[in-house]
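Contents: one structure, followed by commentary.
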Amino acid sequence: MDTQKLTGDELDDRLDEVKCFLDARESSPGPAYWRLSVHGDDVDGNFCHDCIQELCPNGEVGTDYSFYGCAPEQDGSLQCDNCGRTLEYVLDDRGVDEELECYSEDTPDLSNADTCFHLARIAHGAYTVDQKRAIVRIVERARHKGDA
Ligand SMILES: [Zn+2]
């Protein structure tokens, strides 16, 4: 059914279905780390666990580097600055719009666990009716293509 006609409960049901589908397939990235100066100020980030170990050999958490205790709110997807690996994040409202824009013309590959993680962040962050419709449309279109 055309997502433009979906409203209220129907739309939320379809969105729940999309979230379940993505949650079952998504990768589970590690947290983002960043370096600390001798004074404990942030120097730079974001890095994956492997890269922070490489950048701060024998470094200690809290002294040489730190990491988020929970997924940070971002206005876009989050990758390691060094190796490009996907890191844990959630999207804020603007981020949901920006990410939807990236996928609007695209048919994402749902067999890619990182792609499912990114799409799941959009689905979980979607707040307005337009955002919900857009992510349902993108994921359902990609699922249909996979079935064909
Ligand atoms: Zn890395």
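For this structure, a couple of remarks:
- Loop-located chymotrypsin sites (Phe, Trp or Tyr not before Pro) in the range 103-148, at most 16 other Cβ atoms within 10 Å (DSSP): Tyr127
- Bridge orientation summary for the chain: considering DSSP beta bridges with both residues in this region, about 75 percent are antiparallel.
- Relative contact order of the range 44-148, taken over Cα pairs closer than 8 Å and 6 or more residues apart, is 22 percent.
- Coil-residue GluC sites (Glu not before Pro) of the range 98-148, DSSP, other Cβ within 10 Å capped at 16: Glu105
- Among the GluC sites (Glu not before Pro) in the range 10-68, those located in a DSSP loop and surrounded by at most 16 other Cβ atoms within 10 Å of their own Cβ are Glu60.
- Applied to the range 76-84, the Karplus parametrisation 6.51 cos²θ - 1.76 cosθ + 1.60 on θ = phi - 60° returns per-residue 3J(HN,Hα) values of x, 5, 10, 10, 5, 5, 8, 10, x Hz, with x for Gly and Pro.
- Over the chain, equivalent-ellipsoid semi-axes from the Cα gyration tensor in Å: 35, 15, 11
- Under a 5 Å amide H cut-off, with hydrogens placed 1.01 Å from N, Val43 pairs with Arg35, Leu36, Ser37 among residues at least 5 apart or on other chains.
- Fewest neighbouring Cβ atoms within 10 Å first, the residues His124, His39 line up as His39, His124.
- Close amide H contacts of Asn82 (hydrogens built in the peptide plane, cut-off under 5 Å, sequence separation of 5 or more or a different chain): Cys48.
- Ranking of Ser37, Ser66 by neighbouring Cβ atoms within 10 Å, starting from the fewest: Ser37, Ser66.
- Amide hydrogen neighbours beyond the local backbone of Val90, cut-off 5 Å, H modeled: Glu73, Gln74
- For the range 76-148 versus the range 24-40, the inter-centroid distance based on Cα atoms is 20 Å.
- Rounded to the nearest 10 degrees, the inclination of helix 113-125 to the longest alpha-carbon principal axis of the chain is 70 degrees.
Read the figures in this text as sums done on the coordinates, not as results from a lab. Computed from a predicted model, the values in this text were never measured in an experiment. Because the Cβ atoms are built from the backbone with ideal geometry, glycine has one as well, and the counts that use them run over all protein chains shown.
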